[in-house]
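Heads up, the thing below is written out as structure tokens.
The values are calculated or read from the model by the stated rules, or taken from the named source; none is laboratory data. Here the structure is a predicted model, which means the values were calculated and not measured. Heads up, the Cβs are rebuilt from the backbone with ideal geometry, glycines too, and the neighbour counts pull from every protein chain shown.
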Amino acid sequence: MEQGAPSGSSPSRHHSWARWLNYLQITLLPFGAVFAALVIGAILIALTGVEPGFAYQKMWEGIAKSNYQVGLVLVKATPLMIIGLGLGFVFNSGVFNIGAEGQLYMGALLGTAIGIQDWGLPAWLHISLSLLGGFIGGGLWGLLPGYLKARHQINEVITTILLNYIAIYIVSYFTHGPLRDNPFAEAALPQTPEVQASSQLPLIWPPTRLHAGFLLGLGLALLLYLITYRMAFGYKARAVGSSPAAAHYAGMNTTLIMIIVMVVSGGLAGVAGTVEILGVQHRLRDMFSPGLGYSAIAIALMGNNHPLGIILASLLFGALQVGANNMQALAGVPVTIVDVLQATVIFFVAVSAMIRWRAPLRTLLLRNREASS
């Protein structure tokens, strides 16, 4: 006589509970990471002689006290969002692109080189060409490590980190040399001329500094969501990330997929660099990025590589940046403590992501080892 399953322990109910526990973990771990960072920040602030409650009050006021500050939060979040979207896309495919910083620089270089040209183009065309140049610059910088990973199994973490330094020095060469503004002036700064007015991104919320790059980021988020979760290529890319060997045996061109996702990820980092120039800085400067490509890694992890999660995480980081600056100015918190607070948030977010990914990552590494043996 067959025995029925114990009451209340059906497989469907078990999977339902497991799914809800997974969602709960995905939701709570990032918030717990931010809370832990704020607690440590409060301790450090107290050691400087400043009341932590007062400092965090000024931090909040710096975020929400005016439309201008809210707009500034969105401006700070925009490049992080665009880079994070590309990183989430490539991380879903099991490829670890740590080279977004270098791809950001190369995209900004090519996008700026187009943006400073006085070709008499209408604004929509000049902006489009500059953004396309940014995508090409970043995409080409992602192509090489993607190819080396896909065809020769060369570790992409190492190659992308090395390429970061090369890209930064290439931009330094151009801002000190061929593209330098007023190269013969005694006090000429290492920066390019200002991009043409026709290539500057229009403001969408005057009198704030919020520009059209934010809308571009939202549009890219929707596009990547559709590609990742509603189209065949996204399914194949996620299959490669889950099990490269199984995807290969299923007839998928895993080599081509890895290369494409690296190019797209690098291209979006390049677009983010171009958006930062066309919308905010208006000229390319030596060392213009405060580590946007590295911060975006934490944003992709915090957002669980999902476009919506990445949008929310980028807004949080934008708010932290703006609020921390206000905390420094109005509460007298030393700038070093502000930097430590932001770095601590990134650290705890990365730790929470590793806790969440520990089992899947171990499985992925074992499958990659089996596929290469």
Check your understanding: Just one of the numbered conditions (1) surrounded by 13 or more Cβ atoms within 10 Å (Cβ to Cβ); (2) closer than 27 Å to Asn305 by Cβ is not true of Ile127; which one?
Key -> (2)
Check your understanding: Just one of the numbered conditions (1) surrounded by fewer than 22 Cβ atoms within 10 Å (Cβ to Cβ); (2) over 22 Å from Val95 (Cα atoms) is not true of Leu148; which one?
Key -> (2)
Check your understanding: Only one of Val50, Val95, Val90 is at pLDDT below 95 and either of a type in the set (Asp, Glu) or crowded, with 21+ Cβ neighbours inside 10 Å (or both); which?
Key -> Val95
Check your understanding: Could you list, in sequence order, the residues of the range 244-265 that are under 27 Å from Ile83 (Cβ atoms) and not aliphatic (A, V, I, L, M)?
Key -> Pro244, Asn253, Thr254, Thr255, Ser265
Practice item. Tell me, please, whether a residue that is in contact with a Pro (Cβ under 9 Å, 6 or more places away or on another chain) and among the small types (Gly, Ala, Ser) can be found in the range 251-261. Key: no
Practice item. Of the numbered conditions (1) at pLDDT below 95; (2) buried (at least 16 other Cβ atoms within 10 Å of the Cβ), Asn182 fails exactly one; give the number of that condition. Key: (2)
Review point. Phe184 fails exactly one of the following numbered conditions: (1) assigned to a loop (DSSP other than H, G, I, E, B); (2) touching a residue at least 40 places away in the same chain (Cβ under 8 Å); (3) not charged (D, E, K, R). What is the number of that condition?
Key: (2)
Exercise for review: Filter the range 218-253 down to residues that are in contact with a helix residue (DSSP H, G or I) (Cβ under 9 Å, 6 or more places away or on another chain) and not in a helix (DSSP H, G or I) and give me whichever is surrounded by the fewest Cβ atoms within 10 Å (Cβ to Cβ).
Suggested key: Ala250
Point to revise | Subset of the range 98-124 [surrounded by fewer than 17 Cβ atoms within 10 Å (Cβ to Cβ), touching a residue at least 40 places away in the same chain (Cβ under 8 Å) and in a helix (DSSP H, G or I)] | key: Ala123
**Study point:** Condition met for Tyr169 (in a helix (DSSP H, G or I), aromatic (Phe, Trp, Tyr) and surrounded by fewer than 16 Cβ atoms within 10 Å (Cβ to Cβ))
**Key:** yes
Check your understanding: Restricting attention to the range 281-291, does a residue exist that is more than 18 Å from the chain's Cα centre (by Cα) and of a type in the set (Ser, Thr, Tyr)?
Key -> no
Review point. Mind checking which residues of the range 90-129 are among the hydroxyl-bearing types (Ser, Thr, Tyr) and within 30 Å of Ala232 (Cα to Cα)?
Key: Ser93, Ser128
